[in-house]
Amino acid sequence: MGPEDFLPYLGWIIGGGFVLGAMGILASFQTTRMKIKNGYPLEGMWGQSLKPGSDAQNAQRVTLLTQENAELRAELGSLKDRMANVERIVTDGGYHLGAEIDALRDRALANLKDKGAA
């Protein structure tokens, strides 16, 4: 197969290249449009910000993120405590749990006997 065999398809190859390039450009435009629409910062070729936010905006964002971080840390602490209780219940042997239930039942019966209800 020589280069002359591709000559009839040369128009399709060139047209396909142009269509592929146009689709890439349109995808880039669409990406930029979606970033602008949803409030994402625009970046240049090397990742630098084209429109840096003001210092007041950054300070407010840092304050909000700090508050959210503190709330999440508090919630994580409470979840750790709850998880410790669940682990204690799950890993507690059945004998110990049964013994505690029996002791509570015996104590309740003793209280009823003392009152004369049983």
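Rule-based calculations on the coordinates, nothing more; no lab input. Note that the coordinates shown come from a computational prediction; the quantities given were computed from them, not determined experimentally. Glycine also receives a Cβ, built like all others from the backbone with ideal geometry; neighbour counts cover every protein chain displayed.
Summary of computed values
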read-out	value
Distance (nanometres) between label positions extended 7 Å along Cα→Cβ at M45 and R33	2.5
Span-rule helices in the chain, defined as complete DSSP H runs reaching 20 Å or more along the axis (Cα) with Kyte mean at least -0.5	10-38
Extension gain (nm, one decimal) between K80 and A103, 0.36 nm per residue minus Cα-Cα	5.4 nm
Within the chain: Cβ-based charge dipole about Cα centre, in debye rounded to nearest 20 (Lys, Arg +1; Asp, Glu -1)	480
Cα-projected label distance for L72 with E87, points at 7 Å along beta-carbon direction, nm	2.2
Choice from D81, D102, D55 with maximal GNM fluctuation in the chain (Cα, 10 Å cutoff)	D102
Cα-based reach from K80 at 17 Å (exclusive), listing aspartates and glutamates while leaving out same-chain residues under 8 positions away	E71
Sequence-distant residues sharing a close amide H with E43 (under 5 Å, placed H)	L50
Anchor K113: aspartates and glutamates whose Cα lies under 17 Å away (excluding residues fewer than 8 positions away in-chain)	D102
Residue-averaged [θ]222 nm for the chain, counting only DSSP H segments that reach four residues, each worth -39500 (n - 2.57)	-27000 deg cm²/dmol
For the chain, diffusion coefficient by Stokes-Einstein and Kirkwood Rh (Cα), 25 °C, 0.890 mPa s, µm²/s	105
Environment charge of T31, counting only residues whose C-beta is closer than 14 Å and scoring Lys/Arg +1, Asp/Glu -1	+2
All-pairs Cα distance distribution in the range 1-40, expressed in whole percent, bin size 10 Å	27, 27, 20, 15, 9, 2
